[in-house]
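The values are calculated or read from the model by the stated rules, or taken from the named source; none is laboratory data. Everything numeric here is computed off the predicted structure, so don't read it as measured data. Backbone-built Cβ (ideal geometry, glycine too); neighbour counts: all protein chains shown. Only protein heavy atoms, including side chains, enter the accessible area calculation; ligands, DNA and RNA are left aside. Shrake-Rupley method; radii C 1.70, N 1.55, O 1.52, S 1.80 Å.
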Amino acid sequence: MSAVPLTAEQDREAEAVAEVIAAGRAAALRHWVPATSGNFSVRIDEHRVAITRSGVDKGALTSADILIQPLDAPLLPRSSAEASLHVALYRRDPAIGAIFHVHAPASTVLSRIAGPGGLRLTGWELQKALPGITSHEQSIEVPVFANDQDTDRLAGLVEARFAAPIAGDGLLAPGYLLAGHGLYAWGASPREAARHLEALETLFEFELSYRRFTP
């Protein structure tokens, strides 16, 4: 008996689930999601996202570890407590197609050094991997928020910060840091989100090394 073909909606859902699994495994290979840390999501359509559930090894994800979360509904059972941070970003910006969160070493350490408020990056050629940056002379503002177990309150703070004007000539990064927690990065597609994630984590590595050798 031949298999029943998937509808376009089912096909897109399956594609999003596969993209979440691939992102989690890629981050695990780089040791960016130790233990069961981190979370990953990909937009299916304007109403739903595929997102990792709570407490799963991101290097060994299967489709059973991925939830289909409606954006206009309460979090599903087994959701990560941080899923609300993803949902708030998708609601705020329809252009966001994927959000990846990691506990990578450089971002997690630098988030504590920078402290609440923000981190400014400038002078690095790799900055041009981020949207709107065409020169190493431009400045990138990476917001830093104090970690908070009340993720709904935290989501509100993030939304307010990204809606506020930017001081000076800096551009906001497609991501932010939680102090002692790690990095959230996003993009219009999973591929773009992965590029932004890698670029930001590498820039943080550069910045940490530079600070070690600069009085």
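When Y210, Y184 are compared by accessible surface with a 1.4 Å probe, the order from highest to lowest is Y210, Y184. Residue ranges 10-19, 191-200 sort as 191-200, 10-19 when ordered by packing (mean number of other C-beta atoms within 10 Å per residue, highest first).
Would you please classify the overall shape of segment 73-215 from the alpha carbon gyration tensor, given that a ≥ b ≥ c denote the square roots of the eigenvalues, rounded means a/c under 1.5, and beyond that prolate means a/b larger than b/c while oblate covers the rest? It comes out prolate by the Cα gyration axes.
Among the GluC sites (Glu not before Pro) within segment 137-168, those in coil by DSSP and having at most 13 neighbouring Cβ atoms inside 10 Å are E137. Using heavy atoms of the protein chains and a probe of 1.4 Å, the accessible area assigned to T62 is about 70 Å². Between T36 and R92, the contour length at 0.36 nm per residue exceeds the alpha carbon distance by 17.4 nm. Taking other residues whose beta carbon is less than 14 angstrom from the beta carbon of G55, and scoring Lys, Arg as +1 and Asp, Glu as -1, yields 0.
Judged by the gyration tensor of its Cα atoms, with axes a ≥ b ≥ c, segment 112-178 is prolate; a/c meets the 1.5 cut and a/b is the larger of a/b and b/c. Each Lys or Arg adds one and each Asp or Glu subtracts one; over the other residues with Cβ under 9 Å from the Cβ of V33, this totals +1.
For the chain, the longest principal axis of the Cα atoms and the long axis of helix 105-114 meet at an angle of about 50 degrees. Subtracting the Cα-Cα distance of A167 and Y210 from their residue separation scaled by 0.36 nm leaves 13.0 nm. I need the shape label for segment 1-143. Rule: rounded when a/c is under 1.5, else prolate if a/b > b/c, else oblate, with a, b, c from the alpha carbon gyration tensor. Taking the square roots of the gyration eigenvalues as a ≥ b ≥ c, segment 1-143 is prolate. The DSSP beta bridges internal to the chain are antiparallel in roughly 90% of cases.
Close amide H partners of L119, meaning residues 5 or more places away or on another chain with modelled amide H under 5 Å apart, are V142, V144. Rounded to the nearest 10 degrees, the inclination of helix 190-213 to the longest alpha-carbon principal axis of the chain is 30 degrees.
Across the accessible surface of the chain, with the other protein chains kept in place and a 1.4 Å probe, carbon and sulfur atoms take up 57 percent. Given the options A8, P94, A114, identify the residue whose Cα lies farthest towards the positive end of the charge dipole of the chain (+1 on Cβ of Lys, Arg; -1 on Cβ of Asp, Glu). The Cα lying farthest towards the positive end belongs to A114. The residues of the chain present an accessible area of 49 Å² per residue when probed at 1.4 Å with all protein chains retained. Within the full protein context, the accessible area of L157 is estimated at about 90 Å² for a probe radius of 1.4 Å.
Once the Cβ-Cβ distance of S135 and T62 is raised to the sixth power relative to R0 = 35 Å, the FRET efficiency obtained is 0.20. Charging the Cβ of each Asp and Glu at -1 and of each Lys and Arg at +1, and nothing else, the dipole of segment 94-212 about its Cα centre rounds to 140 debye. Using the Cβ of S135 as centre and a radius below 12 Å, the other residues enclosed give a net charge of -2, where K and R count +1 and D and E count -1. The charge dipole of the chain, taken about its Cα centre with unit charges on the Cβ of Lys, Arg, Asp and Glu (plus for the first two, minus for the last two), comes to roughly 440 debye. Considering the options H103, I51, A23, tell which one lies farthest towards the positive end of the dipole of segment 11-108, charges being +1 on Lys and Arg and -1 on Asp and Glu at the Cβ, about the Cα centre. Highest projection toward the positive end goes to H103.
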